[in-house]
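Notes for the one structure printed next.
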Amino acid sequence: MTTVIRDASWIAAWDAPAGRHVYRRHGDVAFKDGRLSHVGGRYEGPAQEEIDGRGLFVMPGLVDIHSHATSQPLYKGICEEVGNPELWWSGLYDNKLVFETDAEGTAPSAEVAYAEMLLSGVTSFVDLSAPFDGWLDLMARSGARAWAAPMFGSATWHTDDGRNVIYDWASDDGQAALDEAVAVIEAAERHESGRLAGMPAPSTPDLCSPRLLGAVMGLCQQNRWRFHIHASESIHEVQEIRRRHGTTPIRYLADQGLLTPRTILAHAIYADTHSWVTWSRSEDIATIAQAGASVAHCPTPFARYGAVLESFGRYREAGINLAIGTDTTPHNMLDEMRWACVLGKVADGNLDAVLTADVFHAATIGGARALGRDDIGRLAPGARADLVLVDLEHPSMRPCRDPLRVLLFHAAERAVRDVYVDGRLVVARGRVLGLDHERALSALDAAQVRSQQGVAGRHWSGRGAEQIAPYALPVVGE
Ligand SMILES: [Zn+2]
């Protein structure tokens, strides 16, 4: 069955020879059996379904390269302004982790995150989570193209005083967790939906032993999986790797043979040239570029702590493949893209340092390349029919001289009307078809209440939720 979107007002089409997206106006987009058969101009072939494209902007589905669907949604209203001053912007090692999602809240959390992603135009995502029962089926039910990325390490950590990170190394060096990850990835690849895949996600260079990381990369080479690791994510991690190995996390990974074209580095923000990192050399950016590794850029969580990538423009000029991820809550990809664009300009003090087209490229082609795919993130004949219909009649989109700019800087997810994955409708008129968003939100509300009750017992100091994450305004009169 062929579906044709007739006379779309605007299309973001892929110009393969030029290697860039271009606008086409007043054209048709047709797809059949999950693939695009026609993009731009008049489609003259047969069609069983016809959609009026007037008043619509048709763009490729976005690729969310890095998200934590099972842990982050519960942090809404909690983690935006919570760090750990004694560990001086420590990223992973901060106080929000005591607001954990319990087993009952895990699936609803993921369901909320997947819904948010779809509603913001995401058609492909990578979820870095601890595996749980029903994970793959929930991903499949979302209708998206999804990569399960089980996260694990050789160690966990805790603190007894809020100033020192203590590593608790597993007696098996994380091997059992790796074995479980492999089983989940293989099950994803076999999943009947045909839209799931996987990749191992060893957590960070300081929480994984060199042996574990080497074993993971061996499996990735053997099975053609991507290798997804947080790196240069926190100042603490940079200091710890320097203490252990006398070098930066990026150089350490390169020396271990872990920087390859199949490597996805989240977030690679504290490179040796970053102004918060004092280092004698300036090699990290070139090292990533030479290895052909990708960077999963997720500006929001860092910006909340006052930190930016230095910089999107500089990484891109060096030849690094940049992709965009939502990472934390909100899992709103268009919001994340707006931050990437604005903060890229701020980091360089230059309006031209990052333009809308650069961020759009990263959120589509960059993500696809990081995943090793040349058939997603683009509207071109033969590519998968993953597309987003943006409502140009929505008040937030008007007036609309330039749909991508208006979408990014003004409307964001409000104007996303319909989303297709493999030519199948997964969001219709702003509603996710395969998920029960409302029920999941109710379950997540309850999970957040339960989580706060246990904070004092989980925090080293015995402080409760209100001390660790005070309300934005004092609550009075109770
Ligand atoms: Zn992450």
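Please determine whether any residue of region 432-454 is on the phi > 0 side of the Ramachandran plot and touching a residue at least 24 places away in the same chain (Cβ under 8 Å).
Our first condition is that a residue be on the phi > 0 side of the Ramachandran plot; within region 432-454, this holds for none.
No - not one qualifying residue is present in region 432-454.
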I'm trying to understand the selection: among the residues of region 321-335, which are buried (at least 24 other Cβ atoms within 10 Å of the Cβ) and without any contact (Cβ under 8 Å) to a residue 60 or more places away in the chain? 322
Assuming residue 402 fulfils every condition listed in (1) touching a residue at least 60 places away in the same chain (Cβ under 8 Å); (2) surrounded by fewer than 19 Cβ atoms within 10 Å (Cβ to Cβ) apart from one, which condition is it? (1)
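For the subset of region 449-460 comprising residues that are buried (at least 19 other Cβ atoms within 10 Å of the Cβ) and assigned to a helix (DSSP H, G or I), which member is nearest to the chain's Cα centre (by Cα)?
Here is the first cut: in region 449-460, the residues buried (at least 19 other Cβ atoms within 10 Å of the Cβ) are 451, 455, 459.
Within this subset, residues satisfying the condition of being assigned to a helix (DSSP H, G or I) are 451, 455.
Details: 451: 24, 455: 27 Å.
Filtering first and then ranking leaves 451.
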What's the number of the only condition in (1) surrounded by fewer than 22 Cβ atoms within 10 Å (Cβ to Cβ); (2) within 16 Å of the ligand (Cβ to nearest atom); (3) not β-branched (Val, Ile, Thr) that residue 318 fails to meet? (2)
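It is to be established whether one or more residues within region 208-218 are within 16 Å of the ligand (Cβ to nearest atom), assigned to a loop (DSSP other than H, G, I, E, B) and either more than 19 Å from residue 297 (Cβ to Cβ) or touching a helix residue (DSSP H, G or I) at 6+ places or on another chain (Cβ under 8 Å) (or both). Give the steps one after another, and end with the answer.
Looking only at region 208-218, we keep the residues that are within 16 Å of the ligand (Cβ to nearest atom), and these are 208.
With the extra rule that they be assigned to a loop (DSSP other than H, G, I, E, B), the set shrinks to 208.
From what's left, either more than 19 Å from residue 297 (Cβ to Cβ) or touching a helix residue (DSSP H, G or I) at 6+ places or on another chain (Cβ under 8 Å) (or both): 208.
Yes, region 208-218 contains at least one residue that is within 16 Å of the ligand (Cβ to nearest atom), assigned to a loop (DSSP other than H, G, I, E, B) and either more than 19 Å from residue 297 (Cβ to Cβ) or touching a helix residue (DSSP H, G or I) at 6+ places or on another chain (Cβ under 8 Å) (or both).
Each row is one residue, and each column tells you yes or no for (1) farther than 17 Å from residue 23 by Cβ; (2) touching a Cys at 6+ places or on another chain (Cβ under 7 Å); (3) part of a loop (DSSP other than H, G, I, E, B).
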site	(1), (2), (3)
335	yes, no, no
342	yes, no, no
359	no, yes, no
365	no, no, no
369	yes, no, no
378	no, no, yes
399	no, no, yes
406	no, yes, no
Only one of these conditions is not met by residue 439: (1) of a type in the set (D, E, K, R); (2) farther than 26 Å from residue 342 by Cβ; (3) assigned to a strand (DSSP E or B). Which number is it? (3)
Among the numbered conditions (1) in contact (Cβ under 8 Å) with a residue 40 or more places away in the chain; (2) not assigned by TED's automatic domain parsing to the domain that holds residue 324, tell me where residue 394 comes up short. (1)
Within the bounds of region 232-244, is there any residue that is among the polar types (S, T, N, Q), away from the ligand (no atom under 16 Å from the Cβ), surrounded by fewer than 23 Cβ atoms within 10 Å (Cβ to Cβ) and within 29 Å of residue 188 (Cα to Cα)? no
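The values are calculated or read from the model by the stated rules, or taken from the named source; none is laboratory data. For clarity, every value in this text was computed on a predicted model and none was experimentally measured. Cβ coordinates were reconstructed from backbone atoms using ideal geometry, including for glycine residues, and neighbour counts include every protein chain displayed.
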